[in-house]
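Since the structure comes first, as structure tokens, the remarks are kept for the end.
The values are calculated or read from the model by the stated rules, or taken from the named source; none is laboratory data. Remember, it's a predicted structure, so these values are computed and weren't measured experimentally. With ideal geometry, Cβ positions are generated from the backbone for all residues, glycine too; neighbour counts draw on all protein chains shown. Note: areas computed on protein heavy atoms with side chains; ligands, DNA, RNA excluded. Shrake-Rupley method; radii C 1.70, N 1.55, O 1.52, S 1.80 Å.
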Amino acid sequence: MQENGCANIYISMQKLLYRLLISVGFGFIYLTSHSQTRDSLLQDATLQNCVQYALKHYPLIQQALLDEQITEHEIKSKLASWFPQINLSANYQNYFQPPSAYFGGVTVPSGTYNTSTISLSGTQNIFNRDALLASKSANDVRKQIRQTTVSDKIDLAVNVSKFFYDVLLTQKQIDLLDEDIVRLERSLKDSYNQYLDGIVDKTDYKRATISLNNSKAQKKIYIELLKAKLANLKLQMGYPAEGNLQLQYDSAQMEKETLIDTTQTVNYDSRIEFQLLLTKKKLQQANLQYNKWSYLPTVSAFGSYNPNYFNSEFSKLYNNNYPYSYAGLQLSFPIFQGTKRIHDIKVAELQVSRVDWDIQSAKNNISAQYTQALATYKGYLNDYFALKENVELAKDVYNTLELQYRSGVKAYLDVITAETDLRTAQSNYTNALYQVLSSKLDVQKALGTVQY
């Protein structure tokens with residue numbers, strides 16, 4: 001009985017230890033996955049942090065970075081043509097009937113039943129236009145793919161910033177409606193009390209009720225709209241859809257950032273699109289030179305070492321070696337190919353000319369973009385300053401009329417009108433602020449000065 005008891009205790013201890021190990025394992029998995037999820041979320045979602053997050057997580061940017069690596073390996077693959085190309089081949093052959101040769105009217109066997117050959121050969125390019133093109137254009141190809149990545153990053157930074165401002169605008173509209181609802185609730189209470197006291201009729205508090213209900217309904221619309229705009233911002237950032245994203249911003253700092261130097265002039269070289277065209281022209285010029293090289297010969301060196309083994313008995317096949325080896329130079333010179341080379345060169349020349357026109361068109365477009373972006377920015381900036389003053393005026397009018405209504409001097413309709421004017425002024429001012437910030441981004445993009 002004692003032995004059975006000890007055995008039962010031992011089995012119970014095993015089960016307990018097993019369960020403990022399973023619990024620790026699941027706990028570790030949970031903590032690891034929870035930590036990874038937490039690390040993938042932003043704790044301080046400022047505009048700069050949102051842009052930086054997008055640059056690390058947005059799929060298009062990650063694909064662009066992979067394209068850079070792919071291009072680098074493609075370049076190295078083409079440059080490998082300058083290295084010696086060494087090959088090894090081997091074969092074994094068994095004759096069921098060995099070959100024969102005819103000499104002086106007599107047929108005699110000319111081979112053995114078993115033969116084996118090993119060949120070690122190598123070639124070295126001395127002049128090859130394909131390899132030469134790869135060498136001449138390698139740096140420009142690298143530059144082109146990196147400039148493409150920069151272009152994608154600039155577009156992403158601008159898009160994320162605009163979506164960021166759009167979300168803030170909606171949040172601010174909700175905040176304004178909250179303030180409006182507080183004012184209307186107070187106004188409703190005042191008008192209802194005055195109705196009970198017999199000072200005014202019931203139309204005043206009914207108007208207040210209508211205005212309050214309208215503001216609450218509008219707030220509900222903005223709350224739903226905010227969800228959609230947050231989803232769009234997360235999409236642009238490559239942010240987890242289920243992740244929490246609380247935007248952080250400094251209103252005073254944002255107001256300071258509305259200004260930009262409007263005396264700047266366009267510098268085409270600052271635009272990444274223009275830089276890409278200049279790189280494209282260099283590659284087209286390299287392609288033109290490549291086609292001109294088609295009149296030059298291709299030169300390469302070659303060599304080979306070939307051990308040979310012959311024997312009628314397989315077991316003795318590799319006893320004796322009869323090697324041969326050689327080395328030499330090969331020159332291949334295309335003498336006549338119809339008129340193919342002439343037309344290829346002409347096509348390459350026309351492609352260079354076409355890029356020149358692309359460059360000229362880009363200059364015109366950049367100038368037009370800057371002019372339009374600057375005009376839009378100045379218009380929104382003027383509205384911003386005017387509407388900022390309107391907010392203060394509307395607040396003063398509303399506060400004065402509200403006091404006069406409480407004193408029985410003004411009709412409630414005047415208060416409702418003043419409250420509507422105040423809400424409109426605040427809404428217009430908020431819209432103007434974010435329109436200025438968004439249009440400023442367009443000016444910076446046109447100037448090629450977007451920071452990311």
Could you list, in sequence order, the residues of region 304-336 that are over 30 Å from F96 (Cβ atoms) and either small (G, A, S) or touching a helix residue (DSSP H, G or I) at 6+ places or on another chain (Cβ under 8 Å) (or both)? S325, A327, G328, S332, P334
Sort through K219, K172, K234, K227 and tell me the only one that's of a type in the set (D, E, K, R), under 30 Å from V436 (Cα atoms) and open to solvent by less than 50 Å² (accessible area, probe 1.4 Å). K234
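Each row is one residue, and each column tells you yes or no for (1) of a type in the set (A, V, I, L, M, F, W, C); (2) closer than 30 Å to G111 by Cβ.
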residue: N291; (1), (2): no, no
residue: Y295; (1), (2): no, no
residue: F310; (1), (2): yes, yes
residue: Y318; (1), (2): no, yes
residue: P334; (1), (2): no, no
residue: Q337; (1), (2): no, no
residue: L350; (1), (2): yes, no
Among the residues of region 342-371, the number that are in contact (Cβ under 8 Å) with a residue 24 or more places away in the chain and within 30 Å of V436 (Cβ to Cβ) is 6
Among the numbered criteria (1) assigned to a helix (DSSP H, G or I); (2) over 30 Å from L184 (Cβ atoms), which one does A386 miss? (2)
Could you tell me how many of the residues in region 150-163 are buried (at least 18 other Cβ atoms within 10 Å of the Cβ) and of a type in the set (S, T, Y)? 1
Picking from I199, I272, the residue that is touching a helix residue (DSSP H, G or I) at 6+ places or on another chain (Cβ under 7 Å) and in contact (Cβ under 8 Å) with a residue 60 or more places away in the chain would be I272
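Out of all the residues in region 265-281, is one or more open to solvent by 60 Å² or more (accessible area, probe 1.4 Å), more than 30 Å from A446 (Cβ to Cβ), among the acidic types (D, E) and not in a loop (DSSP other than H, G, I, E, B)?
Initially, region 265-281 is screened for residues open to solvent by 60 Å² or more (accessible area, probe 1.4 Å), giving 265, 267-269, 273, 278, 280.
Adding the requirement that they be more than 30 Å from A446 (Cβ to Cβ) leaves none.
No; the residues of region 265-281 include none that is open to solvent by 60 Å² or more (accessible area, probe 1.4 Å), more than 30 Å from A446 (Cβ to Cβ), among the acidic types (D, E) and not in a loop (DSSP other than H, G, I, E, B).
Mind counting the residues in region 261-283 that are out of contact with any Leu (no Cβ under 9 Å at 6 or more places or on another chain) and either of a type in the set (A, V, I, L, M) or at pLDDT below 90 (or both)? Lay out the reasoning, then the answer.
First pass over region 261-283, keeping only residues out of contact with any Leu (no Cβ under 9 Å at 6 or more places or on another chain): 261, 263, 268, 272-283.
Okay, now just the ones that are also either of a type in the set (A, V, I, L, M) or at pLDDT below 90 (or both), so 272, 276-278, 283.
The total comes to 5.
Can you name every one of the strands (runs of 3 or more DSSP E) wholly within region 96-186 that holds 3 or more residues which are hydrophobic (A, V, I, L, M, F, W, C) and more than 30 Å from K234 (Cβ to Cβ)? First the steps, then the outcome.
On the way: elements: 100-103, 106-109, 114-127.
Result: 114-127.
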Output the residues belonging to region 408-439 that are more than 49 Å from the chain's Cα centre (by Cα) and either part of a helix (DSSP H, G or I) or of a type in the set (D, E) (or both). Y412, L413, D414, V415, I416
So if I check each of Q48, Q69, Q63, which one is modelled with pLDDT under 95, open to solvent by 90 Å² or more (accessible area, probe 1.4 Å) and within 30 Å of K234 (Cα to Cα)? Q48
Starting from residues that are closer than 22 Å to Y322 by Cα and among the small types (G, A, S), keep the ones in region 85-119 and report whichever is least open to solvent (accessible area, probe 1.4 Å). S116
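Yes/no matrix, rows are residues, columns are (1) within 24 Å of A45 (Cβ to Cβ); (2) open to solvent by 50 Å² or more (accessible area, probe 1.4 Å):
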{"site": "T148", "(1), (2)": "no, yes"}
{"site": "Y165", "(1), (2)": "yes, no"}
{"site": "I181", "(1), (2)": "no, no"}
{"site": "S187", "(1), (2)": "no, no"}
{"site": "D190", "(1), (2)": "no, no"}
{"site": "N193", "(1), (2)": "no, yes"}
Can you name the number of the only condition in (1) touching a residue at least 24 places away in the same chain (Cβ under 8 Å); (2) over 30 Å from L283 (Cα atoms) that R186 fails? (1)
Enumerate the strands (runs of 3 or more DSSP E) found wholly within region 289-383, keeping only those where 1 or more residues are out of contact with any His (no Cβ under 8 Å at 6 or more places or on another chain) and loosely packed, with under 11 Cβ neighbours inside 10 Å. 324-332
